[in-house]
Each structure stands twice: as C-alpha cells, then as structure tokens.
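Below is one structure; the comments refer to it alone.
The values are calculated or read from the model by the stated rules, or taken from the named source; none is laboratory data. Quick caveat: nothing in here was measured; it's all calculated off a predicted structure. Every residue, glycine as well, gets a Cβ built from its backbone with ideal geometry; the counts of neighbours run over all protein chains shown. Areas reflect the complete protein model, heavy atoms only, side chains present, ligands, DNA and RNA absent. Shrake-Rupley method; radii C 1.70, N 1.55, O 1.52, S 1.80 Å.
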Amino acid sequence: QVQFVESGGGLVQAGGSLRLSCAVSGITFRMYAVSWYRQAPGKQRDFVATISISQSTNYADSVKGRFSISRNNAQNTAYLQMNSLKPEDTAVYYCKIFNFPNWGQGTQVTVSS
C-alpha cells in the first residue's frame, strides 16, 4: 500500500521560504505523477502543483512564479520549494498520487505577517 510522509513545514515570516518533502513508499514511484495539495483551516483541500513522470509541471494560479515542484525518483521523494511566502499560504500541505485514495498526515506551514 502506498504511503506518504510529508515534512519540512514550519513557521516562517512573510517573504520567507520553505522546502517541503514527500517520501513515498509502497509503489514504483517513477511511474506516477505526484501532486501537492493544501488545506487551510475551515476550507476545502485545494490543488497546488503537480509533476508528471516526464517532469512536466503545472501550478495553481495562486502559487505560479513562487512555488516549484520537483522529484527525485532515485529517492522516491517529491519536493515543493516555496518562495515569497504569504500569510494566505498558511495551510496543511499534503502530497498525493491520483491513482491511490489515501493521504499522508500532511505538514503544517504557517506564514506570519
């Protein structure tokens, strides 16, 4: 069964940066596209970014130009580099593979103004 372990979140001031990691196990990682989602308090879980098996990427409009998704297939890990963070980026961040229904525990990102 696929498992996701997200890490790298924390408290950062507006304008700062964080790099999130998602360690994936239980599957042949390189064969699947990977996405990041986030959920702010009281809100639905929203799409943030995705990276395909060919390394093509796509981003939500709200993070374009600030966030960058990448992957390391040798380490079965996906990354989300977040720059120029804003208070509205505060959320729990999750990684996800579309083909599987389960989620990890997420990692909390808090951006102070």
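To the nearest 20 debye, what charge dipole does region 42-113 have about its Cα centre, counting +1 at the Cβ of each Lys and Arg and -1 at the Cβ of each Asp and Glu?
Here the size comes out at about 60 debye.
Just name one of Gln81, Cys95, Met31: the one whose Cα is farthest towards the positive end of the charge dipole of the chain (beta-carbon charges, Lys/Arg +1, Asp/Glu -1).
Met31
How many percent of all Cα-Cα pairs in region 10-70 sit more than 17 Å apart?
That tail contains 51 percent of the Cα-Cα pairs.
Select from Thr50, Thr28, Thr77 the residue whose mean-square fluctuation is largest in a Gaussian network model of the chain (Cα-Cα springs shorter than 10 Å).
Top of the fluctuation ranking is Thr28.
Starting from the alpha-carbon convex hull of the chain, give the projected area averaged over all orientations, in nm².
Average of the hull's projected areas for the chain equals 6.5 nm².
Where the only charges are on Cβ atoms (+1 Lys, Arg; -1 Asp, Glu), what is the dipole of region 1-79 about its Cα centre, to the nearest 20 debye?
Using Cβ point charges on Lys, Arg, Asp and Glu, region 1-79 gives about 60 debye.
Within the accessible area of the chain, what % is carbon and sulfur when the probe is 1.4 Å and the other protein chains stay in place?
It is 48 percent, rounded to a whole number.
Excluding same-chain residues fewer than 8 positions from Lys43, which aspartates and glutamates have a Cα within less than 14 Å of its Cα?
Glu88, Asp89
Using a probe radius of 1.4 Å on heavy atoms only, what accessible surface per residue do you get for region 33-78? Whole Å² is fine.
Result: 54 Å² per residue.
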